[in-house]
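Below: the structure, in C-alpha cells.
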Amino acid sequence: MIRLISTLVGIFFVGMLLFSFGTGAVTYLTTEQVETAEHKYHKKPEAYAFASDGALGQFDEQQLQRGLKVYQEVCAACHSMKYLSFRNFAALGYDEDQIKNLAANWPIPQPTVNKDTGETDTRPNLPADTLPTPFPNEVAARAANNNAVPPDLSLMTKARPGGANYVRSLLLGYQEPSAELLAEFPDAAPGEGLHHNPWFPNLNLAMAQPLVIPDQVTYDDGTEASVEQMATDVAAFLIWTAEPKLEERRQTGWAVLAFLLIAAVLAFLSYKQIWADKKKG
Amino acid sequence: MTDQIVKDNGDVASGDNTENTEDGVRRRDFIHIAALSVAGVGAAATVYPLVSQMAPSADVLALASVEIDVSAITPGQAIKTTWRKRPVFIRNLTANEIAEAKKDDTQEMRDPQTLADRTVDGKENWLVTLGVCTHLGCIPLGAAAGEVKGEFDGYFCPCHGSHYDVAGRIRKGPAPSNLEVPEFSFLSDTVIKIG
Amino acid sequence: MSFPWAKEYQPKTEFTRWMDQRLPLPRMVYNAVGAGYPVPRNLNYFWNFGVLAGFFLVVQIVTGIVMAMHYAANVDVAFASIEHTVRDVNYGWLMRYAHANGASFFFIVVYIHMGRGLYFSSYKAPREMIWLLGLVIFLLMMATAFMGYVLPWGQMSFWGAQVITGLFSAIPLVGETLQQWLLGGFAPDNAALNRFFSLHYLLPFVIAGVIILHIWALHIPGSSNPTGVEVKSESDTVPFHPYYTSKDGFGLAVVLIIFAAVITFAPNALGHPDNYIEANPLSTPAHIVPEWYFLPFYAILRAFTVDLGIPFTDIVIIPAKLLGVLAMFGSIILLFFLPWLDRSPVRSGNYRPVFKIFFWVLVADMVLLTFLGGAPAEEPFVMLSQLASAYYFAHFLLILPLISAMETPKPLPNSITEAVLGKKSGDEASAPGYVPQPAE
C-alpha cells in the first residue's frame, strides 16, 4: 500500500516538474531573451591588496588614521557610523587625549536633552559616546538626500558583496555612461539626481561623486592625497569599522590551530595505539 | 580480548607479544595521558572566554569614570548625579557646615573619619559621596532642595532611619559605615573626575 | 539489552557502589558509550558523525546561552544588540561567530550522518525507529535554525521570515489566517521576533530529548556497520570505550581544526552580506536566499512554476505555489517512508552495484540543488532545478523501490570478522559467500 501510494505521489511530482520544465523550455525557446543593462554593464569590484587581507594581514594604522580623516571630512556629512564609539579609535593608535580632542572637535555634536527645559539640545562628544548621526531620523535623511537614505557605514564592507574592493571601486568608478551603453539601453542614462557608476548594481546611484579632486583631504602624515589614495584609505578604514576585532580574531585562530594540530596528532597516536591489536594481519 | 591489559583505572592499553616490555607499556601510556591532558587543557581554555564574556563589556567600562562640571553648584547646594549607574551626591559645603563638620571630627563615631579624610586638600567644601546607604543600599534623602536631611543636617535614609552628618558620616541608625567617598580628583577648579 | 558478551559495569570504589544502588547513572553511561556497549569493529570514519552532531548541538547550546545573555529581542535594538555583543562584549565576536558557523557545521555533519544512513541503509529493519527519530531531530533542527536566523533582524532575517511564513499562506482557506497567527501580525515584527526567540531557545532542548530517544533506539539492535551484516559473535565487536571513544576523539580534533579555521579566518564566508544590513520592511533584497543548508529544499519549492488545472479550461485545482510548498515538505516527509520503500535485503551500498550508482547521482543532484537554490530565479536555473527536483522525487519514490526489486547484490561476507581480517584467517574462509536472505 505504501509503495503504491508513494509510486503515485512520485509520478505526480515528477510529472508536474517535467511538465513545468517543458512549459518553461518552450517559453524559453520561443521568446526572445531580453538582456538588461545591469546584467551586461555592471562590473565586478576590482581586486586590491589591502594590508589586512589574507590570513597574516594586519591593519596599517597610518592608513586607518588617514581613512578616518576622509570619513570625518567627506563621508560623515551624510553617512552615519552608529555602531562605533570614539573610544574605539584607540585601536587606530590614538591616545586618550587625542581621542578626547577628536570627539570634542567632531563636526556633528552629540544630541542630548537640556536639563532645565527638557528640550532637545546638543553637547560636545565624549570618548564614550557613539558617533553621532548626521540626520536626526530617517525622514530627515530622506528629505535632505533626494529621497535616498545614505546607508550607515559601520558594517559597509561586510554588507556588500566584494566588501572593501567594492567600496574602493565604487568611489573611483564615477564616469559618464558609455556611448555603447546609451545606444543599447537609452533608459540606462542617469535620471535627475542620479549618477552613473558601473560598479553600482543598477548602474545609477543617488550619491554624487564624493572624492573628486586630489588634496580634498589634507593628510596629517604628509601622504599625497590623490583621489585613489583617499578611496583606498577610506575603504581600508571601513574594513576596520566593520570588523574591529579582525586582528585579535586571527591571532586567536593561529594559536588555536597550532594547539588543535598537536591535539589531533596525539589523538591519532592514541587511537592507533588502542587499535593496534584489532587491525588485520 | 586476551592481549589487552585492563588497568584498574579503566584505561585499556593494548600490547602485542613482541613489544610487551615494561618500556613499551610506559610509552603507550604516555601517549594516552598526553592526549587526555591536551584535551583537558583545551576544555579549560574554552571555559575562559565563556566566563570572561560575563564581565563588564567595553562600553560599560568606558563609563567607569565620568567628568562633572560643578561650577553651577553654589555653597549650601548639592546635586545628584550618576556614576557607574549609581547615584553620587556632590555637595558644596558652606563655611558653617565645614565648621560644624570639623567640630564633630573629635566626636565618638561608629566609623571615625575627619572631614579632611573625606575631602581633597584645599577644596574641603566639596563633599563627593556615593548616594547609597551603607546599610542595605537605599538612596538617602538630603541632596535635593527640601528633602529631609536628618538629625545631623546631612543625609537621612528613610528605609531604616540612618542619619548621616554634613560630612556624610554615619551618626545614628543601623548603617555600619559612612557614605562611601569614590575615588575622585579635580581636573580644574570646576571639573571633577570621578573614578 | 545488548549482546550477551557485553561487559558488565563493576563499581570500583565505595562511592560508586553506593551510587550504583541508588542512582545507577555511571552504569547507564558505561552501557551507553562506555566499555559496556559492544560495537562492530569495522566502522569507518563515516560512523564518527553521530557523535560529531551531538558535539555541535552542545556547541550551539553553550554559545547560544551566551548569545542570549547579550541579545535583546526587540526590532528596534535586536540588530544593535548583536553588534554590541561582537564589538564590546569580551570574546563576543568568538561567541557570535561560533554560534553562526556552529549551525552550518551542525548541518554539515548531520547531512553526512544522514548520507551515511542512506548509503549503508541504516534505516532498514530493525533500525527503522532510529531513522524516524533522526528525521524528527532533523525537522526540529530546521525549525530552530530558521528561527535563529531571524533573530539578528538583518535584511535576510526579515525577508526570510516573510517568505517562510508566507509558505503557509498557500494552504487553501486557512492559509492567510495561519500566517498571521504564526507571525502574531500582518508582517514580521516584535511579536514574531519574540516568539521566535522563545522557541529558538526551547527547541534545542527538545532536540536533546529526542537525541536521547535516538540513542536509546540505537542501543536496542546495536550499531549498523559498513558490511551491513549483523553482528554474530564477540569477535565481531569491540567495546565502545576505548576503541570508539579514541576514534571519535581523533575525528573531533580534525573537525575542530576546520571549525576553528572557519570561525577565525572566514567567519562570514557562509553568511549573506545582506544580513549585515538592518531589516527594512520597505525594501526587499535583490534576491532572497535562505542559509546554504536550506537551499536544496528552497530549489524544490521554486521549481514548481505551473498550476495544476484542468486542461483547456481556466480551472485551477492546485496552484503552483501550493504545489511547491507541498513538494518541499513532501521531499522531507518521504524520507519517513524510506524503510518501507527500499526493500532490498542487503543493507550496505558496497554490495549493491546499481544502488551505489544512483546513490552518487543523488548526492550530485543534492549538490546541484544547493547551487540552484542560491541561483537567481531566471533561466536556465529554473529549468535545471525542475530536472534536479524531478530526480530527487524519482530517486526515492520510483527508482529506489525498483532497484530493490531488480538488483542482484554482490555476495556478502559471512561475518564482520571475516570482512575485516580477509579470507586468509579463520576456517570459514573457504565457505561460499553468504547468500542474503530477504529481510521480511
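The values are calculated or read from the model by the stated rules, or taken from the named source; none is laboratory data. Quick caveat, the model's predicted, so the values are computed rather than measured. We place every Cβ from the backbone using ideal geometry, glycine too, and count neighbours over all the protein chains shown.
Computed quantities for the displayed model
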item	result
Sole residue being within 14 Å of chain C (Cβ to nearest Cβ) and polar (S, T, N, Q), chosen from A:T223, A:T232, A:T218, A:T241	A:T241
Hits in region C:212-236 (condition: touching a Lys or Arg at 6+ places or on another chain (Cβ under 9 Å), of a type outside the set (A, V, I, L, M) and assigned to a helix (DSSP H, G or I))	C:S235, C:D236
Selected residue (criterion: surrounded by the fewest Cβ atoms within 10 Å (Cβ to Cβ)) from residues of region C:219-250 that are polar (S, T, N, Q) and more than 7 Å from chain A (Cβ to nearest Cβ)	C:S233
Count of region C:284-302 residues which are within 12 Å of chain A (Cβ to nearest Cβ), out of contact with any Gly (no Cβ under 7 Å at 6 or more places or on another chain) and either under 22 Å from C:S81 (Cα atoms) or assigned to a helix (DSSP H, G or I) (or both)	1
Leading residue by the ranking (nearest to the other protein chains (Cβ to nearest Cβ)) among those in region C:396-423 that are under 13 Å from A:R3 (Cβ atoms) and without any contact (Cβ under 8 Å) to a residue 24 or more places away in the chain	C:L398
Qualifying residue in region C:147-155 (condition: closer than 25 Å to C:G64 by Cβ and surrounded by fewer than 20 Cβ atoms within 10 Å (Cβ to Cβ))	no
Residue in region B:72-85 that is under 26 Å from B:P176 (Cα atoms) and part of a loop (DSSP other than H, G, I, E, B) present	yes
Filter result for the condition that a residue is surrounded by fewer than 20 Cβ atoms within 10 Å (Cβ to Cβ) and either in the same structural domain as C:Y111 (by TED's automatic domain parsing) or on the phi > 0 side of the Ramachandran plot (or both), over C:A299, C:A279, C:A253, C:A286	C:A286
Residues that are closer than 30 Å to A:D187 by Cα and facing chain C (nearest Cβ under 7 Å), drawn from region A:14-36	A:G24, A:A25, A:Y28
Region C:72-103, residues that are closer than 17 Å to C:W153 by Cβ and of a type in the set (A, V, I, L, M)	C:A72, C:A73, C:V75, C:V77, C:A78, C:A80, C:I82, C:V86, C:A100, C:A103
Residues of region C:164-205 satisfying the condition of being under 26 Å from C:F240 (Cβ atoms) and among the hydrophobic types (A, V, I, L, M, F, W, C)	C:F205
Elements of type helices (runs of 4 or more DSSP H) contained in region A:48-152, each with 2 or more residues being crowded, with 19+ Cβ neighbours inside 10 Å	A:61-73, A:96-104
Residues of region A:160-173 satisfying the condition of being surrounded by fewer than 23 Cβ atoms within 10 Å (Cβ to Cβ) and over 17 Å from A:M207 (Cα atoms)	A:P161, A:G162, A:G163, A:N165
The one condition in (1) in contact with a helix residue (DSSP H, G or I) (Cβ under 9 Å, 6 or more places away or on another chain); (2) closer than 30 Å to A:Y166 by Cβ; (3) not aromatic (F, W, Y) that C:V229 fails to fulfil	(2)
Enumeration of residues in region A:140-154 that are in contact with a Leu (Cβ under 9 Å, 6 or more places away or on another chain) and closer than 19 Å to C:E278 by Cα	A:A148, A:L153, A:S154
Of all residues making up region C:82-111, the number that are assigned to a helix (DSSP H, G or I) and more than 27 Å from C:L199 (Cβ to Cβ)	2
C:G209 out of contact with any helix residue (DSSP H, G or I) (no Cβ under 7 Å at 6 or more places or on another chain) and part of a loop (DSSP other than H, G, I, E, B)	no
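Here's the yes/no breakdown for (1) free of Cβ contacts under 8 Å to residues at least 60 places away in the same chain; (2) within 14 Å of chain B (Cβ to nearest Cβ):
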{"residue": "C:V86", "(1), (2)": "yes, yes"}
{"residue": "C:Y97", "(1), (2)": "no, yes"}
{"residue": "C:L118", "(1), (2)": "no, no"}
{"residue": "C:S122", "(1), (2)": "no, no"}
{"residue": "C:F138", "(1), (2)": "no, no"}
{"residue": "C:F146", "(1), (2)": "no, no"}
{"residue": "C:V150", "(1), (2)": "yes, no"}
{"residue": "C:S157", "(1), (2)": "no, no"}
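This table checks each residue for (1) acidic (D, E); (2) within 18 Å of the chain's Cα centre (by Cα).
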{"residue": "A:D187", "(1), (2)": "yes, no"}
{"residue": "A:E192", "(1), (2)": "yes, no"}
{"residue": "A:M207", "(1), (2)": "no, yes"}
{"residue": "A:V212", "(1), (2)": "no, no"}
{"residue": "A:D215", "(1), (2)": "yes, no"}
{"residue": "A:Y219", "(1), (2)": "no, no"}
{"residue": "A:Q229", "(1), (2)": "no, no"}
{"residue": "A:T232", "(1), (2)": "no, yes"}
{"residue": "A:E243", "(1), (2)": "yes, yes"}
